[in-house]
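Structure first, then comments.
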Amino acid sequence: MEQLKQIVIQQLGRTLESPPDFEFLSEQIQKVTGEYLSPTTLKRIFGYIPYLGQIRPSSLSILARYAGYNGWQDYQDKQHIESGFVSAKRIVADELIIGQKIELAWNPNRECMIEYLGEKRFVVLHSQNSKLQIGDRFTATQFLIGQPLTATDVVVLRNAETTLDTYIAGAKSGLTKIELLNV
């Protein structure tokens, strides 16, 4: 389902970061398929709002039709490959210069600006709605749009300095924005 969501975002041509984005997607789906998916249902599917239930197959079929498939079953039938090459926007830590900054975003409405420290280490410079806070440090090898951020060896600078094992950002729908800023 994560790959289908990325296909939908690509077809839409914009990220899903706020309620108006989901309203826009709902309108586009209706224009393309003639079928209606509410913005609330889309928020649940894309992880913008928490949802513990199961997404209806009929909703997934509408989303799959918007993405160019005949429905959810057709999409699933064509996704039987478990591994393969990914051609998505990415930033690789080994290719960065110390001091370079990266803006990251993930659902629901999480943002973070980080700075490269060298040796695959980063420090958080800005944080909005994230458990990663300003001053936290972590290791990451790459940032890939549509895939979760795996931050290892996290050092939290609140209260007393604490090292955590691993932090996952965007576990359900992956990173929605990765942007390398000019130094």
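Rule-based calculations on the coordinates, nothing more; no lab input. Quick caveat, the model's predicted, so the values are computed rather than measured.
List of remarks:
- Helix 2-12 and the longest principal axis of the Cα set of the chain meet at an angle near 80°.
- Note on the chain: helix-only mean residue ellipticity at 222 nm, from DSSP H runs of 4+ residues weighted -39500 (n - 2.57) and normalised by residue number, equals -8000 deg cm²/dmol.
- Less than 5 angstrom separates the built amide H of Ile49 from those of Arg44, all sequence-distant by 5 or more or on a different chain.
- Prolate/oblate/rounded label for segment 1-71 (Cα gyration tensor, a/c 1.5): rounded
- Over the C-alpha trace of the chain, radius of gyration and Dmax come out as 17.9, 56 angstrom.
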